[in-house]
Amino acid sequence: MYVVVNAAQSVDGKLSTRRREQLRISGEEDFDRMDRIRAAADAVLVGVGTVLADDPHLTLDEEARRVERLRNGRPGDPARVVVDSTGRTPTDARILDDAATTYLLVSAAATPERREELSDAGAEVIVAGEERVDLLEGTGALAEAGVDRLMVEGGGEVIYSCFAAGIVDELQVYVGSLVVGGRDAPTLADGEGFLEEFPRLELTGTERLDDGIVLSYGVEGRA
Ligand SMILES: NC(=O)c1ccc[n+]([C@@H]2O[C@H](COP(=O)([O-])OP(=O)(O)OC[C@H]3O[C@@H](n4cnc5c(N)ncnc54)[C@H](O)[C@@H]3O)[C@@H](O)[C@H]2O)c1
Ligand SMILES: Nc1nc(=O)c(N)c(NC[C@H](O)[C@H](O)[C@H](O)COP(=O)(O)O)[nH]1
């Protein structure tokens, strides 16, 4: 499976404010670029923190659906994936509507009752891990379900875990021209943080979009 992480951050590395409310960092051109990455993916993954903060839909806009999906020979929307150990995704979340398949990666900590409620609400529930979701196991199950190309949209906890699990092939960061600040605001990679064996990246491209810049990287050690 090929994994591409895409996110938008402020100049000081924040994905949103300390209140964890959705913050529009990208402009129109960058949202179009994000849509093209979604269109090329078999599935788009976020953490439950992002679901609770943003209630995202994770589908394509009309243009991307028309041009990109058809060009890739796969009409319709990519599947949606939530990393959600205990099943906190609200049953009326937009991500659970019938616009596309939605996989919920939960752990054994999600009760059987909660798993059933979520599958009744339309989710394909996959159990991976004991306490937290085990991303290697979870993405392995997604690969078996036919996901060859996965886009990770955040947030910072899940992006860190994807790097820690060693599954990231490519990183694209849009750096918007604003300062957010706040020691408790989510950043591109939160979690515990690395003390050694930092993921090393190779800069593969830079592009000016809107009033910001897109930085593209490959991850060293991934073929
Ligand atoms: N600017 C952007 O590009 C962008 C993208 C996405 C989200 N956001 C913002 O990020 C914030 C949400 O990010 P976040 O970091 O709080 O949450 P997140 O979306 O990264 O979800 C993290 C949660 O997922 C669950 N989880 C289960 N297993 C896990 C595992 N193995 N590793 C990590 N998490 C696991 C935990 O409950 C954890 O708290 C919101 O404010 C949202 O608006 C911004
Ligand atoms: N690229 C990008 N730029 C931003 O400025 C921003 N706030 C996000 N945030 C990503 C997060 O995952 C959002 O929840 C989805 O972008 C919402 O997706 P929908 O429009 O509901 O499909 N992403």
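Worth a mention:
- Between 97, 120, 84, the residue with the greatest mean-square fluctuation in the GNM of the chain (Cα pairs under 10 Å linked by springs) is 120.
- With all protein chains modelled, accessible area of residue 2 [1.4 Å, Å²]: 80 Å²
- A cut-off of 5 Å between modelled amide H atoms, ignoring neighbours fewer than 5 places along the same chain, links residue 149 with 2, 42, 43.
- Interchain or long-range residues, amide H under 5 Å from residue 102's placed H: 80, 124
- Over all Cα atoms in the chain, the spread is summed up by Rg and Dmax: 16.7, 49 Å.
- Using a probe of 1.4 Å, the accessible surface attributed to residue 21 totals some 100 Å² when neighbouring protein chains are kept in position.
- Ellipticity at 222 nm from helices only: DSSP H runs of n ≥ 4 in the chain, each -39500 (n - 2.57), divided by the residue count, give -6000 deg cm²/dmol.
- Accessible surface, region 97-223, averaged per residue in Å² (probe 1.4 Å): 55 Å²
- Note that region 58-67 has calculated 3J(HN,Hα) couplings of 6, 10, 8, 6, 3, 5, 5, 5, 5, 7 Hz, one per residue in order, obtained from phi through the Karplus relation 6.51 cos²θ - 1.76 cosθ + 1.60 (θ = phi - 60°); glycine and proline are x.
- Accessible carbon and sulfur surface of region 177-223 relative to its total accessible area, %, 1.4 Å: 48 percent
- Computed 3J(HN,Hα) for region 90-97, one whole-Hz value per residue from the Karplus formula 6.51 cos²θ - 1.76 cosθ + 1.60 where θ = phi - 60°, is x, 5, 9, 5, 4, 5, 9, 6, glycine and proline marked x.
- Rounded to the nearest Hz, the phi-derived 3J(HN,Hα) couplings of region 193-200 under the Karplus curve 6.51 cos²θ - 1.76 cosθ + 1.60 (θ = phi - 60°) are x, 8, 10, 7, 6, 5, x, 9, where x marks glycine and proline.
- Extending 7 Å from the Cα toward the beta-carbon at both residue 62 and residue 141 defines two label points whose distance is 3.7 nm.
- In nm, spacing of pseudo-spin labels at residue 17 and residue 196 (7 Å Cα→C-beta vector): 4.1 nm
The values are calculated or read from the model by the stated rules, or taken from the named source; none is laboratory data. It should be emphasised that the depicted structure is a prediction, and the values quoted were computed from it without experimental measurement. Using ideal geometry, Cβ is built from the backbone for each residue, glycine included, and neighbour counts are taken over all protein chains shown. These area figures cover heavy atoms from the full protein model, side chains too; ligands, DNA and RNA do not enter into them. Shrake-Rupley method; radii C 1.70, N 1.55, O 1.52, S 1.80 Å.
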